[in-house]
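Note sheet for the following structure.
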Amino acid sequence: MAGGKHEARHAPRHSRPMLRVSLRNIAAHKLRLVLSVLAVVLGTAFVTGSLVFTSTLKSTFDGLLEQGTADLSAMIEPEDPRGAGVPFEVAERVLELPGVEAATPGVSGTVVLFNADGTPYQSGGAPSEGLAWVDPEHSVGDSSWIVDGRAPAGDDEVVLPTTVLESAGLAIGDTAQVYTTGQGMLDVRIVGSYASDTDIGGYVGVGFSEDRARALFTDGENASDVSVRAEPGVSQEQVRDTIAAEFPDYTVSTGDEVRERLSQQLSTLLDFVNYFFVAFGLIALLVGTFIIYNTFSMLVAQRLRELALLRAIGASRGQLTRSVMAEAAVTGLVGSAIGVVAGFGLAQLIFLVLEALDLGIPSGALSLTPMSVITPLVLGFVVTVFSAWAPARRAGRVAPVQGMRVGSVSTEAGGAWRTYVGVLAVVSGLALALIGTWHDTTRDGAITVGVGAAALIVGSFLVMPALAKPIAGGIGRVIGAPFGAVGKLAATNAGRNTRRTAATAFALTLGLTLVAAFGTLGATTKESVSGVIDQDINSELVIQGVASQGPPTPLPGGIQDRVASVEEVGDVAWLAFSFAQVAGEPQALAAAGGPLEEMIDATMVDGSLVPGPDSLVVSRTVARDRGWTVGASVPLVGPDGGESTLRVTGVYEDSQILGPFYTGMDVYERLVPENLRSTFIMLASAADGVGADEVLTAVTDELTDIPIAMVQSKQQYIDAQTGGIDQLLSIIYALLGLALVIAVLGIVNTLALSVIERRTEIGMLRAVGMQRSQIRRTINLESTQIAVFGALIGAAVGVYLGWAFVTVLADSGLTETTIPWGSIGIVLLSSAVVGVLASLWPAHRAAQTGPLEAIAD
C-alpha cells in the first residue's frame, strides 16, 4: 500500500525523463519507425483521398450549378415530372406578367453525335443532348455565347461546344451526323461553336434552332419546364407568387429552391461514392491495426531487458506503459500527417486519371475541408494508440528481475482463454451464417449472416495462434521439404511465437476473406444473369442502341420493319419504350410487338404473355406488391395526356428482358406521339435454313446507315450484360488490393523486426557453418508459410461467407451459386509468391549478420 502510494507520488517527477527516453528510442530506431508508420500512412491516405475527392467534386458541381442558375429567379414545372410537361403558351403568357424579364422553355432530348470518321462520339458520363439554341440575352440559366461562326437558323444547322468540335475532328462548315430518338439519323451543317460558363468535360450540347428543336424533342405543344428571370428589383419570392397565382396547376419554385434541390440530389449521389471509397480505407486501417499491434508486441519483447532495467532504477509500471503509448502516439500522428498529405496527392491522381479517360467528370482546385483533414488524423491516431494498448500494458508488467535474464522471453501467456473464446466465436459465426440462409426474408437473413460474419472473423483472429503451429508448421514442412535442414528450421520457427505468426498472417487473412467473399458474390451474379438471359431469349439476334453515356440509346421507331424485311430473318419481336402514369404513378412504360411468345421463354403464373387490346401484362413481383391479379383494372395516362383503362391479362415470373410490365402496341401507338416513340430492344430469329452468323451479317449490313444500332448474337449480348459485373469486381479487387499491400508490408515489418530480435541466434548459426544463402532461404520459407497460412484461412472463411450471402440473396435472382475456384487458386499461389517477395529485404539484412558481431551483442 505504502509502496504503491510512494510510486504514484513520484510518478510525475519522472514523466518528463520517460518522455525523453521514448523520443530518443524512436530517434535511435528510424527504420523501425518507418516500418511502423507505413501501415498508418496507407490507410489514412485512402480515407483522406476519398474525402478530398468527393468534397472537391461537390464543390465543383456546386460552383457549376451556381453559375448555371445564377439568373434563375423561378421555375415552372408540371406536377407530374413525367407527364406532358408545360405548354409553350405558358412561357408566352409568363412574359406578360409584372416583374418578369425573360422566360425560356426547356427543350432538350437525347442525341448521339458522330465523329468525322463516322464513329459515335463518346461523352463518358457527361450528358449528350440536343437543345434549343436561345440568344444569350433572352436565355435564362446557363450563359452560353457564340465563339466562332453564328447561331443556327435553318432546320439543318447546328452549333457545337468548342471542345467537342475539336475532339470530334469537325470544323465550322462541315457536315456532321446526329442521331435523334424521334427521327433517327440527321445530316446537319455546323455553323458555329460556343462556350459556356458551365463547361463540363465530355458534355455534348448540339444546339438547333428553336423551331427545329421543338419538332425533334417535344410533342410540339409542351416544354419540359419554363425558366424565368425576374426584372431588377423584383425578388424571387415575388415573381414565384405572381406566377403561382396565375398558373395554380403547375409547381412553381424559386431559383434558390431549385438550386437547393439539385445540390441535395448531388450530395446524396456523392455520399454513396464517399461511403464506398471510405469503406475500403477503413478496411485498410483495420488490416493496419493488426500490423501495428504485431509491431509493438515485438518491440516490447525486444526491449524486455531495457524495460526491466528502467523498472530497476525506479520507473513505475504506469510510466513504462505511458512510454510505449507515447511512441504509439508519435507513430500515429506522424503516419496520419503523412497519410493526409499523401491523400491529397491520391485525390489529384484520381482526377488526372478521370480526365485522361475523358469520363465527363469536372475537375477543379482540391477542396480542403476540416472533415478531410481532421477525420483521417483522428482515425490514424486512435487506431495506432488502440493497437498499441495491449503491448503497452505488457510492458508495464515487466518485472525488474527480467533484466538479468539472457535471451528473449515468450509472450505467449494467456493463449488458452483466447483459444476457447475463439473456438466459441467461430462455431457461433458458422451457425449464425447458416441460420441466416434459412430466414424467410432477405433483410433478416442478411443481418443474421452479417452478425455471423463478424463473429467468424473475430473468432478466426483469436483461434489462429492455436492453428499456427499445426497448420503453418505443416505448410512449412511441405514447402521446406526440398531444402532439407533449412526447410525444417524454417518450419520450426512458425511455432516459436504463434501469436506473432497469427497476427502477421491475419492481415492477409482479412484481405483474402473479402476477396473470396466478393469473388463468390460476383461470380454468382454473373452466372445467374448469364443463365437467366440464356434461358429467357430464344432468338439468334439482340439489337440495341449503343451506350454513349450510360444506358443504351433508344432506337428509332419503325426500325423493326426494316429488320423484318431482311431475307435471312424469320420473326422479329420488340419492346418499345416511353414514360407514362400507371395507376397514378410516373413509370417507364414498355410495349411489346411481334411474336413475343416465340422469342422469350417466360414462365407464366397466370394468363397470357401476349398482350391483347387495352391490356397490361405484369411481373409476379409487381402483381404481388400492388395487389394486381388477372382481370384487375389499371388506369394509364400517356405522355400526351391521353387516358386509358387497361386490364391485367397476364402475370409472368420476373424477367430481366421484359421488366416490370408492358402493354400492347395498340395502346402505345394511341397514347405516344410519333416523335416520342422509340424502340428499346429487338429480338430477331433466323429464317429456316439460315445460320446464326449469316443472319448476324445480313442484319448488320442492312443497318449500316444507322450506326447507332448495335447488332449482337445472343452470346455477345450476354457478354455485354455481364461485362459490367466484371468491371465492378475489378474496381473492388483493386481497392481491396490496398489491404493486401498493407498485409504484405506487415510481413516485411514482422520479418525485419524478427531478424533484429534473432540477431544473436542468426550469428550463432553463421558461426556453426550456415551460409548466407541458407540464411536467406530460411527467411524466404518462413515468409512463404506465413503468407500461405493466412491466405488459406482467409479463402476458407471468405468462400463460406460468400456462399451464405449468395444463398440469402436467392430471392433477388442469384440462383446459380458459383464459387470462383480458379481465381481463388491463383490467389493462393500468388500468396506464396508474395511471401517470397516480402522476405527479400529482411532476408538480405539477415544474411549480412556477422557471426562475431552478433554473438558479442
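In this simple spin-label model, placing a label point 7 Å from the Cα along the Cα-to-Cβ direction at both Asp241 and Ala390 gives a separation of 6.7 nm.
Per the Debye calculation on segment 554-707 with a single equal scatterer at every Cα and no solvent contribution, log₁₀ I(q)/I(0) for q = 0.11 Å⁻¹ amounts to -0.45. Residues in segment 820-826 carry Karplus couplings, in order, of x, 4, x, 5, 5, x, 5 Hz; the curve used is 6.51 cos²θ - 1.76 cosθ + 1.60 with θ = phi - 60°, and Gly or Pro positions show x.
Principal axis analysis of the Cα atoms in segment 108-218 yields extents of 35, 28, 27 Å, listed in decreasing size.
Quick check: convex hull of the Cα atoms in the chain, volume per residue, rounded to a whole Å³?
With only Cα atoms used, the chain gives 223 Å³ per residue.
When only alpha carbons of segment 545-621 are considered, Rg and Dmax amount to 14.7, 44 Å. Each peptide in 446-452, 185-191 was scored by the mean count of other Cβ atoms within 10 Å over its residues; highest first, the order is 446-452, 185-191. Per-residue Karplus couplings for segment 303-316, computed as 6.51 cos²θ - 1.76 cosθ + 1.60 with θ equal to phi - 60°, are listed in order as 9, 4, 5, 4, 5, 5, 5, 4, 5, 5, 9, x, 5, 7 Hz, Gly and Pro entered as x. Answer with one residue from Val47, Pro635, Leu286: the one whose Cα lies farthest towards the positive end of the charge dipole of the chain, charges on Cβ with Lys, Arg +1 and Asp, Glu -1. About the Cα centre, the residue reaching furthest to the positive side is Leu286. Hull volume per residue, based on the alpha-carbon atoms of segment 70-254 and their convex hull, is 113 Å³.
Summed over all non-identical Cα pairs, the Kirkwood treatment of segment 675-810 gives a radius of 21.7 Å. The 3J(HN,Hα) values that the Karplus relation (6.51, -1.76, 1.60; θ = phi - 60°) gives for segment 285-291 are, in residue order, 5, 4, 4, x, 4, 5, 5 Hz. Gly and Pro appear as x. In terms of Cα atoms, the Rg and Dmax of segment 138-180 work out to 11.5, 31 Å. For Met185, the amide hydrogen comes within under 5 Å of the amide hydrogens of Thr180, counting only partners 5 or more places away or on other chains and with H modelled in the peptide plane.
In segment 144-278, the alpha-carbon atoms span a convex hull of 187 Å³ per residue.
For the peptides 527-533, 798-804, residues were scored by their other Cβ atoms within 10 Å and the scores averaged per peptide; the highest-first order is 798-804, 527-533. Two decimals is fine: what is log10 I(q)/I(0) at q = 0.15, 0.29 Å⁻¹ for segment 774-825, from a Debye sum with one equal scatterer on every Cα and no solvent? Scattering profile of segment 774-825, log10 relative to I(0): -0.56, -1.04.
Two numbers describe the Cα atoms of segment 611-699: Rg and Dmax, which are 16.5, 47 Å. Placing a label point 7 Å from the Cα of Glu567 along the Cα-to-Cβ direction, the residues of segment 688-711 whose backbone N falls under 19 Å from that point are 688-704. In units of the rule-of-thumb radius 2.2 N^0.38 Å, segment 268-334 shows an alpha carbon radius of gyration of 1.67. Given their separation in residues at 0.36 nm each and the Cα-Cα distance between them, Glu643 and Glu257 gain 135.7 nm when the chain is fully extended.
Each listed q (0.13, 0.20, 0.26 Å⁻¹) maps to a log10 I(q)/I(0) for segment 419-496 from the Debye sum over equal C-alpha point scatterers, namely -0.54, -0.78, -0.99. What the Cβ-Cβ distance of Glu129 and Thr621 gives, at R0 = 35 Å and to the nearest 0.05, is a FRET efficiency of 0.60. Distances between placed amide hydrogens fall under 5 Å for Tyr652 paired with Val605, Val618, Ser619, Arg620, all partners being 5 or more residues away or on another chain. Compared with the direct C-alpha span, the chain from Glu89 to Glu101 gains 2.7 nm at full extension, assuming 0.36 nm per residue. The protection proxy used here, the mean number of other Cβ atoms lying within 10 Å of each residue, ranks peptides 739-749, 558-568 as follows, highest first: 739-749, 558-568.
Between Ile537 and Asp601, the built amide H atoms are under 5 Å apart, and every one of these is 5 or more places off in sequence or on another chain.
What translational diffusion coefficient, in µm²/s and rounded to a whole number, does the Stokes-Einstein relation yield for segment 296-344 at 10 °C and a viscosity of 1.306 mPa s, taking the hydrodynamic radius as the Kirkwood radius over Cα pairs?
Answer, rounded: 129 µm²/s.
Throughout, read-outs are computed from the coordinates displayed, never taken from laboratory work. Predicted model only: the values in this text are computed from it and were never measured. Using ideal geometry, Cβ is built from the backbone for each residue, glycine included, and neighbour counts are taken over all protein chains shown.
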